[in-house]
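> Structure incoming, see below.
Derivation of every value follows stated rules applied to the coordinates shown; laboratory data play no part. Bear in mind that the values here come from a model prediction, so they are computed numbers and not experimental data. All Cβ positions, glycine included, derive from the backbone under ideal geometry; neighbour counts span all protein chains shown.
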Amino acid sequence: MKEIVTIFQNYCGSGWYPVLFLAALLYLLVTEQKKRIRVVLVEGSLVITVLFFLPFTKTVMNLLGEGETYYRILWLLPMAVVIAYAGIRLFGKHYRIGFVILALVLAQVITKHLVQPITRMAEHLDCIEANVPYEELIPLAHTVQSDRKLREDNETIRREFTANVSHELKTPLTSISGYAELIENGMAKQEDIPTFGHRIHKEAQRMITLVSDILQLSELDGMSKQQENSPTADFVPVDLGVLVKDVATNMTVNARKAYITLQYKVQPVTVRGSHDLLTELVTNLCDNAIRYNRPGGHVELSCGTNADGCPYFCVEDNGIGIPQDSQSRVFERFYRVDKSRSKATGGTGLGLAIVKHIAVLHGARIDLESTVGTGTTIRIIFPKM
């Protein structure tokens, strides 16, 4: 009995339709005089309906490969026919009204009972796979669940990013405000004003760098979405060897200030991409290797073609290294292995995140090897031309 009630609820639902079917059936049993029509429309529909209440019928149809969609429709059609024919008889000569009733009944029945499972699934998104009424909707359930998880992940990333940006901007603003207030109120000694001015300038520069990195990340996100429709449309051949030489020359002054030896070793190699973005990628990796090094250390930039024929760029240093548990997270936005050191060197925590975005845009893979106290090697492997 419980199985029968479950089937009735799942496939017939509640409301006026079951009541209307029973009323139409009783009406035809009383009024229909033609035996053949009684057999076909009334008794036949009744027999089919009773059969479809039996659980084994559903099992047999599934074994035959019909699926639950056909089971649902075939079970409802006899009921729709009974209701429609009763309407035709009831209205007599006004047969057009009967046909309208038939159309309305069929449309209402098929639409409602095909949409009803989707409605139930929508009401139970947390456990959508457990609420799939028939197997034809399983791919839809997987898609909905994946899309929902993606939306939740994106929302989490957005909240974390907003919180991090707020924190990163608040810190220098608080410092600037404090020093400015001391100067404005005349509380700062005359000899301290140049020092306070230097600190204000330093914090302002840090904010400018942070805002610039945030805007660049936003631009890269937009480029990623555009390239889903037209991948590499604006890319051109770029001489990676010349690019690495130029970056090494430009970064020499920064390396000397940090007492770091900067070297490069390049081979002629061409990649397809954006010259400006690739320059940013090489510059960020080189700058990162210099910042997280120690006096007397060295950084080497190199590029060429690996054994598989793929172009690559590599930056190697003998700096402080990255702990094993942090290596999978260093390319996340605002993630810092050593927060105090990063702020002391002026890092925003976005440099490697920008590198990752640029690499993804170029279809490149990032390999990282690092040992604490020994150094770090980051290799960007590009696809073949």
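> With a point put 7 Å past each Cα toward its Cβ, work out how far ASP221 is from LEU104 in nm, to one decimal.
5.1
> Let me ask another. At 7 Å along the Cα-to-beta-carbon direction for both SER212 and ARG159, put a label point, then send me their distance in nm to one decimal.
3.3
> Residue by residue through segment 354-367, what is 3J(HN,Hα) from phi via Karplus (6.51 cos²θ - 1.76 cosθ + 1.60, θ = phi - 60°)? Round to whole Hz and write x for glycine and proline.
5, 4, 4, 4, 5, 4, 4, 4, 9, x, 8, 10, 10, 10
> Any idea what % of Cα-Cα pairs in segment 232-385 are farther than 18 Å?
More than 18 Å apart: 55 percent of the Cα pairs in segment 232-385.
> Taking 0.36 nm per residue of sequence separation and subtracting the Cα-Cα distance, how much length would be gained by fully extending the chain between VAL242 and HIS298, in nm to one decimal?
Value of the extension gain: 18.1 nm.
> Given LYS170/LYS245; LYS149/LYS170; LYS189/LYS257; LYS245/LYS384, which pairs have Cα atoms separated by over 28 Å?
Table pairs above 28 Å Cα-Cα are LYS170/LYS245; LYS149/LYS170; LYS189/LYS257.
> OK, next. Which order do the peptides 187-195, 242-250 come out in when sorted by mean C-beta neighbours inside 10 angstrom, highest first?
Order by mean packing, descending: 242-250, 187-195.
> In nm, what is the difference between 0.36 nm times the number of residues separating SER328 and TYR259 and their Cα-Cα distance?
Going from the current span to full extension adds 21.9 nm.
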